[in-house]
Amino acid sequence: MELRNKATRINLLDLKSPQMRAFHMTWFAFFLCFFAWFGIAPLMKVVREEMALTKEQIGWCIIGSVSITVIARLFIGWLCDRIGPRYAYTGLLLLGSIPVMGIGFAQNFETFLLFRVLIGVIGASFVITQYHTSVMFAPNCVGTANATTAGWGNLGGGVTQMVMPLVLAGMLASLTWLSGFLAEYEIPFVSSRLLPYLGDVEFLGWRVSMFVAGLSCAAMGIAYFFFTQDAPEGNFRELRDAGKMPPKQQVKGSFLAACKDARVWALFVIYGACFGIELTINNVAALYFLDYFDYFASMDPVEAVATAGMIAGLFGLMNLFARTMGGMMGDRFGEKWGLKGRVRWLFIALFCEGLALMVFSQMNVLALAIPTLIIFSLFTQMSEGATFSVVPFINRKALGSVAGIVGAGGNAGAVAAGFLFKTSAVSWPTALLILGALVTCSAFLAFTVRFSLDAEAEARIHTEEASARRRGELLGAAT
């Protein structure tokens, strides 16, 4: 049973229709999740000094931050099919905010790693984002909608690299002032209780910064519940009661059906080769620049962290438009060459990503590394957009399960890549070179994602109908 009244175009200024309201709410929710998920990454230099972390321990933190997300994404995709994206997102944001705030209470490597792992649960927000836009937008623009919401959400990974060091600096200034004020004036029953907790303000600053990030996620969870609905015509519960959607019982076999489809697992690996790489870069970029480029050696430590964070943030900022470009190109290739056209574009984007990563790994001059990083980021984000311009056409009856499995592939790729960064036998530039070669090879898996003639014909009919409806809407608006 097909959901009706899907949007045939993306009108960014429209905040009244349920389709565009979901569009804006879902990308912003994912943005905050991504911001909180990797908020600690640009502050790792401070954390490393406080807890005396080794390279291997940092490697385990990188792996831990993306490991549980594999399981969470598999589960959340199945859950979306059953209860809808509105309830799923609200619950995830509220529960996920707890470890984001809780990491500020970590006192050693073990507790820090535990919270770092638990924070990874909010990475499942990506699946809900893609699910929600997939049920809200028609085939002629679903690739663009998916890519844009995911891309603007992923932008949080770049913004956090730039903003969290500034938040840390602001917290340091505020805590230093507060500490001095309490010590000077000795307010009864206040100074004696607060001063022992202030301690070293530099180490306290990153803890308070993460609490702010977690609080933002919790507030967004409440807003998502009140300002969105599951589908264009209403929420899943009402639609099922009205007979406009299959009952929950018919969803039981969706996950198994998705698991039996070899194309889903090909996309699982492909997404690991693009989004998995993005997650890895978000985790290591700031430290990579600090440790492997002499430019930062003579800087003040706080200034070096801020500068490296700004440069590392350029990678994530490409999500502002690059992932949208990938999805838009997928839609254009699909209009011209059908579903096979979407797959061909996926191969091109992923192959170029692998080549660009290998080139970046060999850069040792900052002036050359920055533009290479930007080009590498461009193809990485476009590959992600291209992947999810294909996903909605694999199995519409098991959309949540397919999106969950493919989305989990991104984190599985990041977990696998993390082992390269924890071993002392492999330098980080060499690890990036190896990853680039693997990404290039994985691009050829795109050609295993094939569609039957019936599926091609059905997709073309739906695309043409959506395009015709869009032209009618535009003509009606003009008259």
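Against the condition surrounded by fewer than 15 Cβ atoms within 10 Å (Cβ to Cβ), of a type outside the set (Ser, Thr, Tyr) and within 30 Å of Pro246 (Cα to Cα), how does Glu458 come out, does it pass? Judged against the criteria, Glu458 is not a match. Any chance segment 375-394 includes a residue that's open to solvent by 60 Å² or more (accessible area, probe 1.4 Å), farther than 20 Å from Ala145 by Cβ, assigned to a helix (DSSP H, G or I) and modelled with pLDDT of 95 or more? Yes, there is a match, as at least one residue in segment 375-394 is open to solvent by 60 Å² or more (accessible area, probe 1.4 Å), farther than 20 Å from Ala145 by Cβ, assigned to a helix (DSSP H, G or I) and modelled with pLDDT of 95 or more.
Taking the listed residues Asp294, Asp300, Asp331, the one that is among the acidic types (Asp, Glu), open to solvent by less than 20 Å² (accessible area, probe 1.4 Å) and at pLDDT below 95 is Asp331, with no other qualifying. Just to be sure before I move on: is Phe75 surrounded by fewer than 20 Cβ atoms within 10 Å (Cβ to Cβ) and not aliphatic (A, V, I, L, M) in the structure I sent? Answer is yes for this residue.
Considering every residue within segment 74-88, establish whether at least one is farther than 18 Å from Ser209 by Cα and among the basic types (Lys, Arg). Yes, some residue in segment 74-88 is farther than 18 Å from Ser209 by Cα and among the basic types (Lys, Arg). Can you find a residue that is over 26 Å from Arg470 (Cα atoms), without any contact (Cβ under 8 Å) to a residue 60 or more places away in the chain, out of contact with any Pro (no Cβ under 9 Å at 6 or more places or on another chain) and not in a helix (DSSP H, G or I) anywhere in segment 87-101? No - not one qualifying residue is present in segment 87-101. Taking every residue in segment 448-473 that is within 17 Å of Lys336 (Cα to Cα) and pairing it with any residue that is open to solvent by 90 Å² or more (accessible area, probe 1.4 Å) and at pLDDT 90 or above, at least 6 positions away or on another chain, the pairs with Cβ-Cβ distances below 8 Å are Arg450/Lys340; Phe451/Lys340; Glu456/Lys340. The set of residues from segment 398-434 being crowded, with 24+ Cβ neighbours inside 10 Å and of a type outside the set (A, V, I, L, M, F, W, C) comprises Gly400, Ser401, Gly404, Gly407, Gly409, Gly410, Asn411, Gly413, Gly418. Residues of segment 1-49 that are open to solvent by less than 60 Å² (accessible area, probe 1.4 Å) and either outside any helix (DSSP H, G or I) or acidic (Asp, Glu) (or both): Leu3, Lys6, Ala7, Thr8, Ile10, Asn11, Asp14, Ser17, Phe38, Gly39, Ile40.
When restricted to residues that are of a type in the set (D, E, K, R) and at pLDDT 85 or above, segment 41-69 contains 3.
When each of Val135, Val117, Val121 is tested for being farther than 15 Å from Phe28 by Cα, in contact with a strand residue (DSSP E or B) (Cβ under 8 Å, 6 or more places away or on another chain) and surrounded by fewer than 24 Cβ atoms within 10 Å (Cβ to Cβ), the lone residue that passes is Val135. Taken over segment 97-114, the residue count meeting the criterion of being hydroxyl-bearing (Ser, Thr, Tyr) and either open to solvent by 100 Å² or more (accessible area, probe 1.4 Å) or farther than 17 Å from Arg48 by Cβ (or both) is 1.
In segment 410-426, the residue that is farthest from Val269 (Cα to Cα) out of those that are in contact (Cβ under 8 Å) with a residue 12 or more places away in the chain and not in a helix (DSSP H, G or I) is Ser424.
Could you please give the count of residues in segment 121-141 that are under 22 Å from Ile83 (Cβ atoms) and over 10 Å from the mean Cα position of the chain (by Cα)?
10
Please work out if Lys55 is basic (Lys, Arg) and under 24 Å from Val167 (Cα atoms). When the stated conditions are applied, Lys55 does not pass them.
With respect to Met162, is the statement that it is modelled with pLDDT under 85, within 26 Å of Cys274 (Cβ to Cβ) and assigned to a helix (DSSP H, G or I) true?
Numbers: modelled with pLDDT under 85: yes; within 26 Å of Cys274 (Cβ to Cβ): yes; assigned to a helix (DSSP H, G or I): yes.
When the stated conditions are applied, Met162 passes them.
Determine whether Thr307 is open to solvent by less than 10 Å² (accessible area, probe 1.4 Å) and either free of Cβ contacts under 8 Å to residues at least 24 places away in the same chain or of a type in the set (Val, Ile, Thr) (or both). Considered against the rule, which asks whether it is open to solvent by less than 10 Å² (accessible area, probe 1.4 Å) and either free of Cβ contacts under 8 Å to residues at least 24 places away in the same chain or of a type in the set (Val, Ile, Thr) (or both), Thr307 comes out as no.
Go through segment 360-372 residue by residue and tally those that are free of Cβ contacts under 8 Å to residues at least 24 places away in the same chain, open to solvent by 50 Å² or more (accessible area, probe 1.4 Å) and closer than 29 Å to Ala446 by Cα. Summing the residues that are free of Cβ contacts under 8 Å to residues at least 24 places away in the same chain, open to solvent by 50 Å² or more (accessible area, probe 1.4 Å) and closer than 29 Å to Ala446 by Cα in segment 360-372 gives 1.
The values are calculated or read from the model by the stated rules, or taken from the named source; none is laboratory data. Here the structure is a predicted model, which is why all the values come from computation and not from measurement. Reconstructed Cβ throughout: ideal geometry from the backbone, glycine too, with neighbour counts over all protein chains shown. For the accessible areas, the whole protein counts, side chains as well, though only heavy atoms, and no ligand, DNA or RNA atoms are used. Shrake-Rupley method; radii C 1.70, N 1.55, O 1.52, S 1.80 Å.
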